[in-house]
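Q: The following block contains the structure, expressed as structure tokens.
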Amino acid sequence: MVSFHINGRAVSIDAEDDTPLLWVIRDVIGLTGTKFGCGIGMCGACTVHVDGRPTRSCITPLGHVVGAEVTTIEGLHPNGQHPLQKAWIELQVPQCGYCQSGQIMQAASLLKDFPTPSDQDIDAVMGGNLCRCMTYVRIRKAIKQAAAELREALVNG
């Protein structure tokens, strides 16, 4: 039995320690926003946060999240209103949309580390998240828009 928190909720999972976290999230817990892409941690579609850091859930064994806080796209904001989620919609970032939850989760971590990201910051941090539809220009624009909204919220309290 492996116990951890997911999106603020305590869970205990009866699965082998080497079961990929992705399959626990999708098949056991039933949160399907996190996607399977490559299965080897290279594309970023499966990105979630473990204790606040972006993590490839397809290669993270369940045993590595004992006692951790896991956040999926469903837990980024209770109503899907995180500034990144809003910018993604407003700027029509997704084409097929398959990679987008991983892109948003990676971008959320980026904005914690770089509140005013440059193009170079965005490229460096987001470089491991692949988009087959090539929406990188819109992704960068959405990240900058969300960063501005987050900064404004800090100023206006």
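Q: Examine the stretch 93-110 for a residue that is closer than 30 Å to A10 by Cα and open to solvent by 60 Å² or more (accessible area, probe 1.4 Å), and state whether such a residue exists.
A: First, pick out the residues of the stretch 93-110 that are closer than 30 Å to A10 by Cα: 97-110.
With the extra rule that they be open to solvent by 60 Å² or more (accessible area, probe 1.4 Å), the set shrinks to 98.
Checked the stretch 93-110: at least one residue is closer than 30 Å to A10 by Cα and open to solvent by 60 Å² or more (accessible area, probe 1.4 Å).
Q: Here is a check on your reading of the model: is S118 at negative phi, touching a helix residue (DSSP H, G or I) at 6+ places or on another chain (Cβ under 7 Å) and polar (S, T, N, Q)?
A: No; evaluated as a whole, the condition is false for this residue.
Q: Here is a follow-up. Of the conditions (1) outside any loop (DSSP other than H, G, I, E, B); (2) in contact with a helix residue (DSSP H, G or I) (Cβ under 8 Å, 6 or more places away or on another chain); (3) under 25 Å from G127 (Cα atoms), F4 fails just one. Which one is it?
A: (3)
Q: Now a separate question. Do the conditions hold for R140, that is, is it in contact with a Phe, Trp or Tyr (Cβ under 9 Å, 6 or more places away or on another chain), within 25 Å of G37 (Cα to Cα) and open to solvent by 60 Å² or more (accessible area, probe 1.4 Å)?
A: no
Q: On to the next question. Restricting to the stretch 58-92, count the residues that are open to solvent by 20 Å² or more (accessible area, probe 1.4 Å), touching a residue at least 12 places away in the same chain (Cβ under 8 Å), of a type in the set (A, V, I, L, M, F, W, C) and more than 30 Å from M1 (Cβ to Cβ).
A: Number satisfying all stated conditions: 1.
Q: While we're looking at this one, here's another question. What's the number of the condition M126 fails, among (1) more than 29 Å from A10 (Cα to Cα); (2) open to solvent by 40 Å² or more (accessible area, probe 1.4 Å); (3) not acidic (D, E)?
A: (2)
Q: Within the stretch 7-47, how many residues turn out to be touching a helix residue (DSSP H, G or I) at 6+ places or on another chain (Cβ under 6 Å), closer than 28 Å to R132 by Cα and among the aliphatic types (A, V, I, L, M)?
A: Result for the stretch 7-47: 4.
Q: May I pose another question? Using the structure shown, decide if T34 is open to solvent by 30 Å² or more (accessible area, probe 1.4 Å), in a loop (DSSP other than H, G, I, E, B), out of contact with any Phe, Trp or Tyr (no Cβ under 9 Å at 6 or more places or on another chain) and at pLDDT 95 or above.
A: Taking the combined requirement at face value, the residue does not satisfy it.
The values are calculated or read from the model by the stated rules, or taken from the named source; none is laboratory data. Values in this document were obtained by computation on a predicted structure and should not be read as measured data. Every residue, glycine as well, gets a Cβ built from its backbone with ideal geometry; the counts of neighbours run over all protein chains shown. Side chains included, ligands, DNA and RNA excluded: accessible areas come from the protein's heavy atoms. Shrake-Rupley method; radii C 1.70, N 1.55, O 1.52, S 1.80 Å.
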